[in-house]
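The values are calculated or read from the model by the stated rules, or taken from the named source; none is laboratory data. None of the values given here were measured: they were computed from a predicted structure. Here the Cβ positions follow ideal geometry from the backbone for every residue, glycine too, while neighbour counts run over all protein chains shown. These accessible areas exclude ligands, DNA and RNA; they are computed on the full protein's heavy atoms, side chains included. Shrake-Rupley method; radii C 1.70, N 1.55, O 1.52, S 1.80 Å.
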Amino acid sequence: MFSNQTANYKMEQKTAKKAILIYTEQTPNPEAIKYVTNTMLYDGTADFKTLELAEEWSPLAEHLFKLPYVKYVYISQNFVSVTKEFNYSWDDVMLQLKEEIKKYIMDGGAIIKDGFEEYLREKEEAEGNSFQYTGKDKEIVEKIKQLIDKYVKPAVEMDGGNIEFNSFEDGKVTVIMQGSCSGCPSSTVTLKSGIEGMLKRMVPEVKEVISVAG
């Protein structure tokens, strides 16, 4: 009798651990929704704008791309931001997408494959984004990165997106917008009035901030 009770208790514990809660948050991008879970999905940032990249590195993103209304998938920490195709309404697909994500996680599906971080580093090196700055430029770039990490990233993460420093040259800072920030109608305003304004005030060498494709 005791052994059966113990077995039942362990089974209940195991079932409880699999319980996944998901809620949605609106983002400034009307085409993107942030799906927040009660479990860590990926300790980093993973932006998938094509099915081919998802097939290579993210089983979760690949699964979502099979839905006809999914355009982009962004995964970070405990949330997934999904950008839909413009000809679909969130009223028609939001709940279905929520259940797809919930079921996938509860079934123990893989999120990001091993080696993804190394792939990103190699990609940066190949594209020249990991250029090593020296002298005065090195100090400027370090300050720019610190400001972005401290003041910008937390804000855009709350909106289901991300921003990455890309380069600095001749007073021009280029950044990469990811997740719900990518293609967002208000991202240009945020970039110019918010990010550019702050960097100009705190780093006099900065003359302009623009976004480039990731």
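General remarks:
- Residues in region 88-110 that are hydrophobic (A, V, I, L, M, F, W, C) and under 20 Å from Tyr72 (Cβ atoms): Trp90, Val93, Met94, Leu95, Leu97, Ile101, Ile105, Ala110.
- Residue count for region 34-68, restricted to those that are assigned to a loop (DSSP other than H, G, I, E, B) and either free of Cβ contacts under 8 Å to residues at least 12 places away in the same chain or in contact with a Ser or Thr (Cβ under 7 Å, 6 or more places away or on another chain) (or both): 2.
For every residue, the table says whether it meets (1) surrounded by 12 or more Cβ atoms within 10 Å (Cβ to Cβ); (2) over 17 Å from the mean Cα position of the chain (by Cα).
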site	(1), (2)
Phe65	yes, no
Val82	yes, no
Trp90	yes, yes
Glu125	no, yes
Gly135	no, yes
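- Scan region 147-176 for residues that are open to solvent by 50 Å² or more (accessible area, probe 1.4 Å), over 19 Å from Ser81 (Cβ atoms) and assigned to a loop (DSSP other than H, G, I, E, B) and the total you get is 1.
- Within region 177-214, the set of residues being aliphatic (A, V, I, L, M), in a strand (DSSP E or B), open to solvent by less than 40 Å² (accessible area, probe 1.4 Å) and modelled with pLDDT under 90 comprises just one member, Met177.
- Scanning region 81-136 for residues that are assigned to a loop (DSSP other than H, G, I, E, B) and of a type in the set (Val, Ile, Thr), we see that the one that is farthest from Ile163 (Cα to Cα) is Thr134.
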